[in-house]
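Here is the structure we will look at.
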Amino acid sequence: KNIKALYLGMAMAAAAATLTSCQADMDAPALVEPKATMEANTTISEFKTAFADQTVKCPMKDEATQTPYIIHGRVVSSDATGNIYKSIVIQDETAAIALSVNQGSTYTDYRIGQDVVLNATGLYIGYYNGLQQIGWLDEYNGAPSLTFMAWDFFLAHSELNGFPNPDVKYVAQDAQWPADAPYCIVTTFSQLPSTGEAFRNMQSQLVEFRNVHFEEGGKETYAPYQESV
């Protein structure tokens, strides 16, 4: 019995040594930086202006050469806390736009500052409740409306480019908006435009209002029960 126990102990020690040796020899896989094969040929502002007040399937930019509309931008949204629902918002140095996708927990792959290149041709550009965005066609109250595009469809039309740059730059509304990092526009309510190209460019942007307080703060309910506000 003692001899058997000795052999068993030696076998276990050998197995442990083998496992330790294997673990020590393992190399951590290197991170592979994503590189997009597509290159943007239209700014977000130009794209939004080209299809202002329309809800249509995005055509080719140039039918003769079969050139699609391609935009790019850095992610400025996160659905990690659940406040943003099935939407990825990207911005370039001219404007921002929401991408309506039928997928949750997108923050795991589309982090703040991640550059995304999107072939918009074949997707729908239009509005849902007044917000211009890219997604798929639906109907609301008898009129064309935007809804979520299928996740696989979005993946087929988009590419990640590089590692995310999470350093958000704070800029004034009338300043030059950067292209190399996500940015947050510091503005006031009175500065916000309500019509035209300036309004489209500000829609979906990441903004910050300073020195703000809420009347009756902490007294009213956040939202009335069974009401839309």
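Figures for the structure shown
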read-out	value
Approximate shape of the range 85-229 as ellipsoid semi-axes (Cα gyration tensor, √5λ), whole Å, largest first	26, 23, 16
Euclidean distance of C-alpha centroids, the range 168-209 and the range 91-114, integer Å	17
Under-21-angstrom lysine pairs by C-alpha in the chain, whenever the two are 8 or more apart or on separate chains	4
FRET efficiency, 1/(1 + (r/R0)^6) with R0 45 Å, evaluated for Met26 and Glu216 via beta carbons	0.15
P(r) of the range 77-159 over all Cα-Cα pairs, binned every 10 Å from zero, in whole percent	17, 53, 27, 3
Placed amide H near Lys169: partners under 5 Å, 5+ positions off or other chain	Tyr183, Cys184
Cut-off 18 Å, label 7 Å out along Cα→Cβ of Glu33, residues of the range 167-185 by amide N	167, 179-182
Cα-centred dipole magnitude for the range 189-229, charges only on beta-carbon of K, R (+1) and D, E (-1), debye, nearest 20	160
Between helix 2-25 and the chain: long-axis angle, C-alpha atoms, 0 to 90°, nearest 10	40
FRET efficiency, 1/(1 + (r/R0)^6) with R0 45 Å, evaluated for Phe209 and Leu137 via beta carbons	0.85
Prolate/oblate/rounded call for the range 138-197, Cα gyration tensor, a/c under 1.5 rounded	oblate
Loop-located trypsin sites (Lys or Arg not before Pro) in the range 191-229, at most 16 other Cβ atoms within 10 Å (DSSP)	Arg210, Lys219
Surrounding net charge for Tyr170, when Lys and Arg each add one and Asp and Glu each subtract one, Cβ distance under 13 Å	0
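FYI, it's all coordinate maths here, none of it is from the lab. Computed from a prediction, not measured in an experiment: that's the story for all the values here. In this analysis, Cβ positions are derived from the backbone assuming ideal geometry, glycine residues included, and neighbour counts consider all displayed protein chains.
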